[in-house]
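Structure record follows, encoded as structure tokens.
The values are calculated or read from the model by the stated rules, or taken from the named source; none is laboratory data. What you see is a predicted model, and the numbers here were worked out from it, not measured in a lab. A quick note on method: Cβ atoms are made from the backbone with ideal geometry, for glycine too, and the neighbour counts reach across all protein chains shown.
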Amino acid sequence: MKPRRLFAYGAIALGVLALLGLSSFVVTKARAVASELTDPPFYHPPSLERVNQTYAELARGGGSDSGGTWHAEEVDGLQLWIFKRPVSTTGLVLMLHGFGDDRWGTSPALRGFPNQDAAIFTYLRRDDALRAGSREPYITFGDRESDNVVRVVKHLEAQGTPRHRILLMGRSLGASVGLLALAKLEAQGGPLGGLIWEGAPASSRDFAERLVRGPKDAFWHPALAPLIGDLASRWAARRGHYDRNRTDLLRAVAGQRFKTPSLCFLATQDRLAPPPVQRAVAAHFDHIEIIEVPTWHLHCAEVLGTDYQKAMDRSVAAWLKPESEPSN
């Protein structure tokens, strides 16, 4: 065999091996990201003993926190926990947990609403499923979760809490779930009392790509991260039996003007919840305060210190006035 032909065959063989190696890398990475999107490996629901201990501590209150009492209700297969204050309140805050979390992990946030009742639940009742040894239902990145929120809000209305007295509060995926639910709720009726949100991922596809990119850029990201993110989000949607298009915030809010007042903590250095998307979604609210914070989401409270709580207190006081006071 002539050396030139031998060289050509060798080059082709190396090219095929390189392509196979690249394909294997893309598929392996996409599979890992898809798994994380639907079943975060870092999430392990706490024991019910620990949950009950935390709920008991919250019930006791302390200092300026009056505490309260818990009771659970079944709502279309969901377990809704309601926290009632012993004093008169101006409304109720429905706290929405984030990615890889549950009702227990989010429950301490009720301390930030000492003048309101609270409600909390785990999307798809997934914590109970995991404790029972099942990996399903999988996370659907806001698709089915937002439907859960709509059902809970309608249940609270039916139980006597007017819609204009119900707040939604969510961080990370909880923010996306809240926004997706709000789009559905306002399309079906009037505004809610308010929405507080921080660090909403743009969509399952966008989040998948950003998981691939991680905290720092690499030389191969521009070429491969979009491809891997797209493949991973398709894989996750098939695994979780949902439509990834229904997780897209910009698609969900297109053509809508929200009457619900809102407070947005916008983390300007965030690589997982892109600031341009937060601003674009915020532009759909008729009444919104945006507080920009030079950090990643979930760290806004840490960076702002006491100003974080003050901002929430100011907004909630303006939104949920006592019945004897006129609303703005």
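Table for the structure above
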item: Only one of ARG213, ARG239 that is more than 13 Å from LEU272 (Cβ to Cβ), touching a residue at least 40 places away in the same chain (Cβ under 8 Å) and among the charged types (D, E, K, R); result: ARG239
item: Filtered residue count, the stretch 249-260, keeping only those that are touching a residue at least 12 places away in the same chain (Cβ under 8 Å), assigned to a loop (DSSP other than H, G, I, E, B) and surrounded by fewer than 22 Cβ atoms within 10 Å (Cβ to Cβ); result: 3
item: Number of the condition not met by ARG279 [criteria: (1) surrounded by fewer than 17 Cβ atoms within 10 Å (Cβ to Cβ); (2) without any contact (Cβ under 8 Å) to a residue 24 or more places away in the chain; (3) closer than 26 Å to THR90 by Cα]; result: (3)
item: Some residue of the stretch 216-233 being surrounded by 23 or more Cβ atoms within 10 Å (Cβ to Cβ), in contact (Cβ under 8 Å) with a residue 40 or more places away in the chain, closer than 22 Å to GLY100 by Cβ and under 17 Å from the mean Cα position of the chain (by Cα); result: yes
item: Among (1) closer than 25 Å to MET312 by Cα; (2) touching a helix residue (DSSP H, G or I) at 6+ places or on another chain (Cβ under 7 Å); (3) surrounded by fewer than 19 Cβ atoms within 10 Å (Cβ to Cβ); (4) not hydroxyl-bearing (Ser, Thr, Tyr) - the single one PRO137 does not satisfy; result: (1)
item: Close pairs from the stretch 303-318: first free of Cβ contacts under 8 Å to residues at least 60 places away in the same chain, partner loosely packed, with under 14 Cβ neighbours inside 10 Å and not hydroxyl-bearing (Ser, Thr, Tyr), Cβ under 9 Å, at least 6 apart; result: VAL303/PRO294; LEU304/LYS310; TYR308/GLU302; ALA318/ASN328
item: Test: residue in the stretch 203-211 that is at pLDDT 95 or above and in a loop (DSSP other than H, G, I, E, B); result: yes
item: Complete set of residues in the stretch 122-153 that are among the charged types (D, E, K, R) and not in a loop (DSSP other than H, G, I, E, B); result: ARG125, ARG126, ASP127, ASP128, ARG131, ASP143, ARG144, GLU145, ASP147, ARG151
item: Number of the exception - ALA273 against (1) out of contact with any strand residue (DSSP E or B) (no Cβ under 9 Å at 6 or more places or on another chain); (2) surrounded by 22 or more Cβ atoms within 10 Å (Cβ to Cβ); (3) of a type in the set (A, V, I, L, M, F, W, C); result: (1)
